Amino acid sequence: MPSVPPTESAYDRTRLRQWHLGHARSAGIERRTLLKLLATASAAGSLTVGRTTARAATPLAAPGIVKPLPSDVFTIRGTNAETNFAALRSTGPLTPVGHFFVRNHTVTPRLAVENWKLTVWGSGLRGPAVDFGYDDLRALPSVTRTAFIECAGNGRSYYTTQQNQQVSGTAWTLGAIGVGRWRGVRLADVLRRAGLARGAVDILPRGLDAEVITDGVNLGRVRRPLPLAKALDDVILAYEMNGEPLPPDHGYPVRLIVPSWVGISNIKWLGDIEVSDEPLYSPWNTTLYRLFGDAYPADGSAPLTRQSLKSAFELERGATVTAGQRQVLTGRSWSGGAPVRSVEISTDGGAHWHHARLRDTPRHGSWVRWTTDWIPRERGTAVLLARATDRSGRRQPEVAVHNTQGYLFDAVVRHEVTVV
Ligand SMILES: Nc1nc2c(c(=O)[nH]1)N[C@H]1C(S)=C(S)[C@@H](COP(=O)(O)O)O[C@H]1N2
Ligand SMILES: [Mo]
């Protein structure tokens, strides 16, 4: 019987080996289908992301998103809505629901708490399945914490527009991130109440949204195995976002919050959690959310865990500024690794750098807002750069290491503005 792993991501590597040896179980999809998909994922990018599309002038609609999507706040990308970073300038450290990006594999389901329940089941429990109603969860001791949710593909379009590389997936710029204040119950409390067995190694939370069909293959409902070590550490079953019940698009009535990890870990519209005493696999940790490409082993990296280090200006791309006038440049930096330590700014394409003023105390799993003054001198195009360093000493590189699905972009993004 496998023992409980010591660290969150070390176990993900172990499980990957077990999967390749056929010792891990494919949950809800045939192993053969998954292996076929894997071959596609490890090939070169199947899609090229386009250049950033022009913003629509009228209110936007994304199929299946419930909340309003004003065109100055969001850019629609398929079934998803990306936050325009410029629109965050007027917001505080928390992202209001009206500004929070939405990533839907299908459509937002309309669920009612009256007939909702969370079923916890599987070989990793000592006994039979246990149901928790909404009121049951509400009655348990609550915890509140601030955490970002960021899509693993955030920044993906820069592999193409900045590095001229092919990647597949949604062409996000940097706005597939939001920071929320989440209230709910510890997943650890719920698992223990359900009767966690000693041999449990993985949990598999699954959404109640529709099954996902990609290229004619039914991948089943959105679900991604989570190692028990992470599940018992800091994961929350959240029912509130920024002091209000979760909005429909963000997982009402209950979603998972997995601090610092790739967005896909934060399963919305939670319906059940399998607890398993054998390692589990789903498309979301085999073909998806792993790194494939020249820099990685032929059969891919271990499943992704933490998000990468990034910075963004709260400014339109191609914004026009006036020469000789003081500009207050603002932005945000964040990392799933260690808290951000410092942020450097260049207003001349990287020739000179200076430190930005940090406006927040850097914390794990959140972002810091920063500001710097700039008096543009020369007319023409200026390239603004923001480069963060985190407390582990990691600094954003000039070039991100390519992977076919364009995950975890971390390079400094060139932000062009026009000085008139
Ligand atoms: N059930 C379910 N959970 C989900 C998804 C989904 O489509 N269905 N999308 C995932 C992805 S890829 C991301 S990045 C985050 C986005 O959360 P948000 O829409 O609240 O911003 O939710 C994750 N949880
Ligand atoms: Mo995502």
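The values are calculated or read from the model by the stated rules, or taken from the named source; none is laboratory data. Nothing here was measured: the structure is a model prediction, and the numbers come from that model. Cβ coordinates were reconstructed from backbone atoms using ideal geometry, including for glycine residues, and neighbour counts include every protein chain displayed. Protein only, heavy atoms only, side chains kept; ligands, DNA and RNA dropped before computing areas. Shrake-Rupley method; radii C 1.70, N 1.55, O 1.52, S 1.80 Å.
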Query raised in the report: What list of ³J(HN,Hα) couplings, whole Hz, do you get for the stretch 206-215 from phi and the Karplus terms 6.51, -1.76, 1.60, once you set θ to phi - 60° and write x for glycine and proline?
Result: 9, x, 9, 6, 5, 5, 9, 10, 10, 6
Report summary line: For residue 25, the residues 5 or more places away or on another chain with a placed amide H closer than 5 Å to its own amide H are 280, 281
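Ordered by packing density, taken as the mean number of other Cβ atoms within 10 Å over each peptide's residues, highest first, how do 267-277, 319-329 rank?
Details: 267-277: 22.8, 319-329: 13.0.
Ranked from most to least packed, the peptides come out as 267-277, 319-329.
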Report summary line: So the angle from the long Cα axis of helix 31-42 to the longest Cα principal axis of the chain, reported in degrees to the nearest 10, equals 10 degrees
Report task. Report ³J(HN,Hα) in whole Hz for each residue of the stretch 153-169, in order, from the Karplus equation J = 6.51 cos²θ - 1.76 cosθ + 1.60 where θ = phi - 60°; Gly and Pro get x. Result -> x, 4, x, 3, 4, 6, 4, 7, 6, 9, 10, 6, 10, 7, 9, 10, x
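What's the extension gain from residue 23 to residue 166 if we count 0.36 nm per residue and subtract their Cα-Cα distance?
Values: separation 143, 0.36 × 143 = 51.48 nm, distance 3.34 nm.
So the chain would gain 48.1 nm between residue 23 and residue 166.
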Query raised in the report: Roughly how many whole Å is it from the C-alpha centroid of the stretch 287-342 to that of the stretch 150-204?
Result: 15 Å
Query raised in the report: Nearest 0.05, what FRET efficiency do residue 121 and residue 299 give at R0 = 35 Å with Cβ-Cβ as r?
Result: 0.70
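Would you mind putting 151-162, 390-401, 115-126, 178-189 in packing order, based on average other-beta-carbon counts within 10 Å, highest first? Please report the intermediate quantities before stating the final value.
Working: 151-162: 24.4, 390-401: 15.4, 115-126: 17.5, 178-189: 21.4.
Those peptides, ordered most packed to least, come out 151-162, 178-189, 115-126, 390-401.
Per residue of the chain, what 222 nm ellipticity follows from adding -39500 (n - 2.57) for every DSSP H run with n ≥ 4, rounded to the nearest 500?
Working: 6 runs with 50 residues, N = 420.
Result for the chain, helices only: -3500 deg cm²/dmol.
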Query raised in the report: For residue 74, which sequence-distant residues (separation of 5 or more, or a different chain) have an amide H within less than 5 Å of its own amide H, given hydrogens modelled in the peptide plane?
Result: 84
**Report entry** Karplus-derived HN-Hα couplings along the stretch 233-244 (A = 6.51, B = -1.76, C = 1.60, θ = phi - 60°), whole Hz, x at Gly and Pro
**Finding:** 7, 10, 7, 10, 8, 8, 10, 10, 10, 6, x, 10
Report summary line: Taking a ≥ b ≥ c as the square roots of the Cα gyration tensor eigenvalues, with a/c under 1.5 meaning rounded and otherwise prolate when a/b beats b/c or oblate if not, the stretch 8-285 comes out oblate
Query raised in the report: Sequence-distant or interchain residues sharing an amide H contact under 5 Å with residue 341, placed H: which?
Result: 389, 390, 391
Report task. Using only Cα atoms, tell me the angle between helix 8-20 and the longest principal axis of the chain; keep it within 0 to 90° and round to the nearest 10. Result -> 60 degrees
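Taking the mean number of other Cβ atoms within 10 Å as a proxy for protection, how do you rank 402-413, 24-35 from highest to lowest? Could the numbers behind the result be given before it?
Details: 402-413: 24.1, 24-35: 16.3.
With the highest mean Cβ count within 10 Å placed first, the list reads 402-413, 24-35.
Can you tell me the length gained on complete extension of the stretch residue 211 to residue 379, counting 0.36 nm per residue apart and subtracting the Cα distance?
Values: separation 168, 0.36 × 168 = 60.48 nm, distance 5.26 nm.
Going from the current span to full extension adds 55.2 nm.
Which value, in Å³ per residue, describes the convex hull spanned by the Cα atoms of the stretch 310-419? Present the calculation step by step, with values, prior to reporting the outcome.
Working: hull volume 11.3 nm³, N = 110.
For the stretch 310-419, the hull spanned by Cα atoms encloses 103 Å³ per residue.
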Query raised in the report: By DSSP, what percent of the beta bridges with both residues in the chain are antiparallel, rounded to the nearest 5?
Result: 90 percent
Report task. For the stretch 165-207, with all protein chains present and a 1.4 Å probe, just round the carbon and sulfur fraction of the accessible area to a whole percent. Result -> 34 percent
